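Read through the structure below, which is laid out as structure tokens, and then see the notes.
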Amino acid sequence: MQTLRASKCGLSTAQLPSSILDVIDALTKAGYEAYIVGGGVRDLILGLNPKDFDAVTNATPAQVKEVFGRRCRIIGRRFELAHVYAGRELIEVATFRAPPKKAVTSASGMILRDNNWGTIEQDFARRDFSINAMYYQPRKGIVLDFCHAIDDIKNKTLRLLGDPTLRFEEDPVRMLRTLRFAAKLNFSIAPEILEIFTPEMTQLLRDISPHRLYDESQKLFTMGHLNRVLPMLIDFDIWRQLFADISPDISTFIERAAINTDQRIQIGKTINPAFFYAVLLWKPFLERCNFYLSKGVVPAEARAQAGLDVLKRQATRTIIPRFAETFIREVWEMQTRLLNPKPQQIQALSTHARFRAGFDFLLLREKSGDTTTQGMGVWWDAYQQMTTDEKERAISQYNRQRAKNRRKTATEDVVETKLVAVEIEPLVNEPEPRSRRERKSRAKLERPVQTVSAGGSEIASDHPILKRKRVKRDLSQVVFGPTQ
């Protein structure tokens, strides 16, 4: 173990938010040891902007609760933690872990319960990656480095502490974390990890709950380097463990969506992680739609049922929350509404709650070479930049073009019908009558004469008796029965 000066590592209290300093100070004042540990320290040394900071202490979760009172909430069953609220910030406070006295593991070796408290040296040995095992005490201005992690950071190497096989068996999610850190930090993976990172090893992810895998997939989508990590998921056979019916190839549509997501994160825009799930599952959704349409199902019902089927199938790997499923299905449904909107509904569509997500999805499809969008992505893009008068003119022009396309389609259908129909040549070419009387006479002659049988004789339809008008009698004035 080596003790480094924080200033030589590029660390200072000026880089830290007041929330983490308040937690460290409160625990120290109560007589406990307290350090900042994990990705926050690593990112500061690399010159990055950490998303959050985690604290570690020798105080048990119950003792942390005594220090912070109502500001603290104890969570977790397998791995008990304390969540401390400092204003709007949430600081995760963990207790030093020791090796379990009696291993509580699954058949594959995954740790099922881990609530044994210990010393800082024992806690270091329990951590996964060397670059996440540096303990920073901001008030003392020191960094405790137990495994020369500072060298791994300088060499940009991702190394597991201990036997890689055992560490992956303890928690298979570490395989996902390996790829996430390698992509996010642009680090190389140590050779001893690459040797055991096999398709057989990735099968251990099947033991992880679909809820936790969904949370881990969200971290992959929102780290800002999604386009870099996607090929790695395929190369290390993680893709098949995360996605059910999505073929392991990156289409132009998926690649563009990944690049767009990364760009939005880099400029500080918010993203909805469920949007990328909508992109990934788009192709299986279309295939399922076509299946139901081939069975004669109404298009609206086919889309609804296809969405349910695809999301239910994906739930076998990652369970998408109900609100996220609703978002995904609404984005898919908006595609149909945006492609062929009724002119009177255009204004209402542009103010729909899912318009922006549906429009982004449509424009990404169009830029990826999807010709079924019919240029409507560009049209909606231009429409949003127009003034009120320009929007009205655009809607009128769209309406005329829509009517023109309908007439053109109808004309083509008539032409096709004429081409298919068999032409019958007339036996005698007679000139068409010019006057209305002549045309009426010819029609009368050409009309087939119908006959009615009456008393054994046939009466033609033009007989005077058949032309007689029937008078409806008032039966209320008729007297039935014998009369005087």
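The values are calculated or read from the model by the stated rules, or taken from the named source; none is laboratory data. All figures in this text were calculated on a predicted structure; none of them were measured in a lab. Reconstructed Cβ throughout: ideal geometry from the backbone, glycine too, with neighbour counts over all protein chains shown.
Going through ARG127, ARG174, ARG180 one at a time, which residue ends up being surrounded by 15 or more Cβ atoms within 10 Å (Cβ to Cβ) and modelled with pLDDT under 90?
Being surrounded by 15 or more Cβ atoms within 10 Å (Cβ to Cβ) and modelled with pLDDT under 90 holds for just one of ARG127, ARG174, ARG180, which is ARG127.
Cβ-Cβ distance below 6 Å, separation of 6 or more or different chains: which pairs start in segment 294-308 with a residue that is more than 15 Å from ARG337 (Cβ to Cβ) and end on one that is of a type in the set (D, E, K, R) and in a helix (DSSP H, G or I)?
ALA306/ARG288
What is the residue count in segment 146-170 for residues that are assigned to a strand (DSSP E or B) and more than 35 Å from the chain's Cα centre (by Cα)?
Counting residues in segment 146-170 that are assigned to a strand (DSSP E or B) and more than 35 Å from the chain's Cα centre (by Cα) gives 0.
Checking LYS154 against (1) surrounded by fewer than 17 Cβ atoms within 10 Å (Cβ to Cβ); (2) outside the structural domain of CYS9 (by TED's automatic domain parsing); (3) among the charged types (D, E, K, R): exactly one of these is not met. Which one?
Among (1) surrounded by fewer than 17 Cβ atoms within 10 Å (Cβ to Cβ); (2) outside the structural domain of CYS9 (by TED's automatic domain parsing); (3) among the charged types (D, E, K, R), LYS154 violates only (2).
Is it the case that ARG42 is among the charged types (D, E, K, R), closer than 30 Å to LYS184 by Cβ, surrounded by 14 or more Cβ atoms within 10 Å (Cβ to Cβ) and in contact with a helix residue (DSSP H, G or I) (Cβ under 7 Å, 6 or more places away or on another chain)? Show your work before the answer.
Numbers: among the charged types (D, E, K, R): yes; closer than 30 Å to LYS184 by Cβ: yes; surrounded by 14 or more Cβ atoms within 10 Å (Cβ to Cβ): yes; in contact with a helix residue (DSSP H, G or I) (Cβ under 7 Å, 6 or more places away or on another chain): yes.
Yes: the conditions hold for ARG42.
Restricting the search to segment 340-368, which residues are surrounded by 16 or more Cβ atoms within 10 Å (Cβ to Cβ), out of contact with any Pro (no Cβ under 7 Å at 6 or more places or on another chain) and within 23 Å of GLN397 (Cβ to Cβ)?
PRO341, ILE346, SER350, HIS352, PHE355, GLY358, PHE359, LEU362, LEU363, GLU366
The rows are residues; the columns are (1) of a type outside the set (Asp, Glu); (2) under 39 Å from the mean Cα position of the chain (by Cα); (3) within 24 Å of PHE181 (Cα to Cα).
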| position | (1), (2), (3) |
| --- | --- |
| ALA6 | yes, no, yes |
| LYS29 | yes, no, no |
| GLY38 | yes, yes, yes |
| ALA55 | yes, yes, yes |
| ALA59 | yes, no, no |
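Condition first: touching a Gly at 6+ places or on another chain (Cβ under 9 Å), at pLDDT 90 or above and crowded, with 17+ Cβ neighbours inside 10 Å. Can you find one or more residues in segment 25-35 that meet it?
The answer is no, given that none of the residues of segment 25-35 is touching a Gly at 6+ places or on another chain (Cβ under 9 Å), at pLDDT 90 or above and crowded, with 17+ Cβ neighbours inside 10 Å.
With the structure loaded, tell me whether LYS312 is modelled with pLDDT under 90, among the basic types (Lys, Arg) and assigned by TED's automatic domain parsing to the domain that holds TRP282 or whether it fails that test.
The answer is no for LYS312.
May I ask you to list the residues in segment 1-24 that are of a type in the set (A, V, I, L, M), within 15 Å of LEU144 (Cα to Cα) and exposed (fewer than 12 other Cβ atoms within 10 Å of the Cβ)?
MET1
Among the listed residues ILE189, ILE208, which satisfies the condition of being in contact (Cβ under 8 Å) with a residue 24 or more places away in the chain and in contact with a strand residue (DSSP E or B) (Cβ under 6 Å, 6 or more places away or on another chain)? It would help to see each step written out before you state the result.
On the way: ILE208 fails: in contact with a strand residue (DSSP E or B) (Cβ under 6 Å, 6 or more places away or on another chain).
Going through ILE189, ILE208 in turn, just one is in contact (Cβ under 8 Å) with a residue 24 or more places away in the chain and in contact with a strand residue (DSSP E or B) (Cβ under 6 Å, 6 or more places away or on another chain): ILE189.
For residues that are of a type in the set (A, V, I, L, M) and not in a loop (DSSP other than H, G, I, E, B), scanning just segment 131-145, find the one that is surrounded by the most Cβ atoms within 10 Å (Cβ to Cβ).
MET134
Can you tell me which of (1) under 21 Å from ARG356 (Cα atoms); (2) within 14 Å of the chain's Cα centre (by Cα) is the one ILE259 doesn't meet?
(2)
Taking segment 309-333 on its own, how many of its residues are part of a helix (DSSP H, G or I) and either in contact (Cβ under 8 Å) with a residue 60 or more places away in the chain or under 14 Å from the mean Cα position of the chain (by Cα) (or both)?
Summing the residues that are part of a helix (DSSP H, G or I) and either in contact (Cβ under 8 Å) with a residue 60 or more places away in the chain or under 14 Å from the mean Cα position of the chain (by Cα) (or both) in segment 309-333 gives 17.
Within the group PHE291, PHE243, PHE221, which residue is surrounded by fewer than 17 Cβ atoms within 10 Å (Cβ to Cβ), of a type in the set (A, V, I, L, M, F, W, C), at negative phi and touching a helix residue (DSSP H, G or I) at 6+ places or on another chain (Cβ under 9 Å)?
PHE291
Taking only pairs six or more apart or across chains, which ones have beta-carbon atoms under 6 Å, a first residue in segment 237-256 that is over 18 Å from ALA278 (Cβ atoms), and a second residue that is part of a helix (DSSP H, G or I) and not polar (S, T, N, Q)?
ASP237/PRO199; GLN241/LEU205; PRO248/ILE234; PRO248/TRP239
Restricting attention to segment 230-253, which residues are more than 22 Å from PRO321 (Cβ to Cβ) and not polar (S, T, N, Q)?
LEU230, PRO231, MET232, ILE234, ASP235, PHE236, ASP237, ARG240, PRO248, ASP249, ILE250, PHE253
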